[in-house]
1. Report, by residue number, each residue of the range 130-168 that is of a type in the set (V, I, T), under 16 Å from F102 (Cβ atoms) and at pLDDT 85 or above.
2. Name the one entry in N193, N240 that is out of contact with any Ser or Thr (no Cβ under 6 Å at 6 or more places or on another chain), of a type outside the set (D, E, K, R), surrounded by 14 or more Cβ atoms within 10 Å (Cβ to Cβ) and modelled with pLDDT under 85.
3. Please find, within the range 251-274, the residue that is nearest to I226 (Cα to Cα) out of those that are out of contact with any Pro (no Cβ under 7 Å at 6 or more places or on another chain) and polar (S, T, N, Q).
4. Taking the range 220-230 as the search range and keeping residues that are more than 25 Å from the chain's Cα centre (by Cα) and touching a residue at least 24 places away in the same chain (Cβ under 8 Å), which one is farthest from G79 (Cα to Cα)?
5. Please list, ordered by residue number, the helices (runs of 4 or more DSSP H) wholly in the range 1-104 having 1 or more residues that are at pLDDT below 70.
6. What number of residues in the range 99-118 are free of Cβ contacts under 8 Å to residues at least 60 places away in the same chain, crowded, with 18+ Cβ neighbours inside 10 Å and either among the hydrophobic types (A, V, I, L, M, F, W, C) or under 26 Å from L38 (Cα atoms) (or both)?
7. For the range 223-269, give me each residue that is in a helix (DSSP H, G or I) and aromatic (F, W, Y).
8. Could you please find all residues in the range 61-95 being under 22 Å from N32 (Cα atoms) and not charged (D, E, K, R)?
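The values are calculated or read from the model by the stated rules, or taken from the named source; none is laboratory data. A quick note: this is a predicted structure, and the numbers were derived from the prediction, not measured. All Cβ positions, glycine included, derive from the backbone under ideal geometry; neighbour counts span all protein chains shown.
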Amino acid sequence: MSKNKKVISSKIFDPFIIKKEKEKPTVPSKINSRVSNLIKELDLKITPILFVLAIILFAIIIFLLFMLIFNNVVMAILGLIGGVLVFRSFLTRRRKEKETLFTKQLPDALIAVANSLKAGFSLDQALEFASISMPEPTKSEFSRIHLNYRVGYSLQEAIETLPKKYNNTEVKLFVSSLILQNQIGGNVIPFLNELSEVLRERLRLKEQVVVGTAQQRLSATIVTIIPYAILMLLQLSGYNALTSTFRGILLLIFAICLQGVGLMVMNNSMKIDI
């Protein structure tokens with residue numbers, strides 16, 4: 001009887017209970033968050049709306065500039081596509097530089113945490129010391145980890161977002177190893193020292209790979225630029241069959257597709273897993 005009474009009483013109050021459903025993020029909110037993250041990665045001090053307007057204005061200027069120089073819609077479209085690709089490669093390179101810098105600073109940050117623990121500090125104080133002593137971008141990342149750890153997050157929850165921001169093997173190795181060590185337990189100081197040496201060795205190997213593939217990367221850049229430079233010279237000299245006739249445009253599209261396939265093959269050949 002008591003169980004039935006409990007069920008009945010709970011059902012009476014069901015209509016008055018407001019159940020909050022998780023709101024799915026809309027498309028504008030997703031775009032706004034992505035643009036905001038991009039602005040943070042580039043260390044710019046502008047709003048997302050101004051950033052988007054600046055990109056649109058940049059695209060319009062490039063389109064009008066190519067129209068003014070070549071007086072051809074196809075060349076203006078190619079110039080617009082080229083400008084977008086250059087801007088995208090700039091963003092990728094800027095993100096890669098920040099990721100590489102953080103990865104290079106990570107072994108020193110681990111040594112700083114290990115030395116602090118060896119001196120008798122707690123993990124909270126060791127993370128704070130690393131956030132103060134290290135330069136950017138490690139300073140900001142360890143400050144965020146220290147703040148999350150101090151307000152009550154576990155160590156796993158505090159560092160598990162790092163691989164989403166810095167998507168490389170070294171950061172994933174650091175996060176997974178630290179989480180495993182935290183779950184198993186034991187002396188963390190020799191573990192941090194060994195992990196630091198492993199990361200340093202991986203960075204040395206990566207630098208050797210970069211030096212060994214420098215010639216191939218230079219060849220890929222030259223192969224990308226030369227055909228478009230020749231096309232612009234032909235267009236300026238009056239030979240515009242590739243951009244003013246239907247067959248020429250088809251041949252131009254076919255050549256661009258072949259060039260894209262060739263660049264993909266070259267990029268895949270330069271990828272070396274460590």
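1. Here is the first cut: in the range 130-168, the residues of a type in the set (V, I, T) are 132, 138, 145, 151, 159, 161.
Filter once more, so that each one left must be under 16 Å from F102 (Cβ atoms): 138, 145, 159, 161.
Within the range 130-168, T138, I145, I159 qualify.
2. Numbers: N193 fails: modelled with pLDDT under 85.
On inspection, the qualifying residue turns out to be N240.
3. N267
4. In this case the residue turns out to be V223.
5. 2-13, 27-42
6. 3
7. Y228, F246, F254
8. V84, L85, F87, S89, F90, L91, T92
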